[in-house]
């Protein structure tokens, strides 16, 4: 899935008057099958850029195309949901993405949210858990009882379970190396 930004400017709306500009005239093309790193100092706009690339932040100027869909202020919530099904996001502190009572419920949430039936969602959860190197025995455990490293892996498994075409890893993932042979 190609992601294309053309002369994108984006602002965060904070109250009725203050609208800090976080991106200014950004153009780039992300092509399928490529690994792209976005690097920069704190506050440079890396996270804001990825939010634009996922439709979480709508640009005030310019054009964003994700696959064949243009993203703008008129894009419907349903269209954004369809786009987000294909784009997984692991936030800066992935363990903060965990919320369910069990690891299995947490990982299966994404597929269920996108309309997958319960049985298939559970299969996808087991597969994703294997992809991140964790044993199925933790599926019934509370994600909050896990170590920090296990929580990060479970959060990433939650993204992988939806089988996205694109994955954004925000910030460094504390030594994570995603291996091709695990199809990550």
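What follows is calculated from the coordinates using simple rules that are stated; it is not laboratory data. Small disclaimer: the values here were computed from a predicted structure and weren't measured. Positions of Cβ are backbone-derived with ideal geometry, glycine not excepted, and every protein chain shown enters the neighbour counts.
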Being touching a helix residue (DSSP H, G or I) at 6+ places or on another chain (Cβ under 7 Å) and more than 26 Å from residue 134 (Cβ to Cβ) is true for just one of 17, 57. Which residue is that?
57
Residue selected from region 74-99 under the condition in contact (Cβ under 8 Å) with a residue 60 or more places away in the chain and more than 17 Å from residue 143 (Cα to Cα), by the criterion surrounded by the fewest Cβ atoms within 10 Å (Cβ to Cβ)
92
Which members of region 1-58 meet the condition of being over 20 Å from residue 86 (Cβ atoms), surrounded by fewer than 12 Cβ atoms within 10 Å (Cβ to Cβ) and under 16 Å from the mean Cα position of the chain (by Cα)?
37
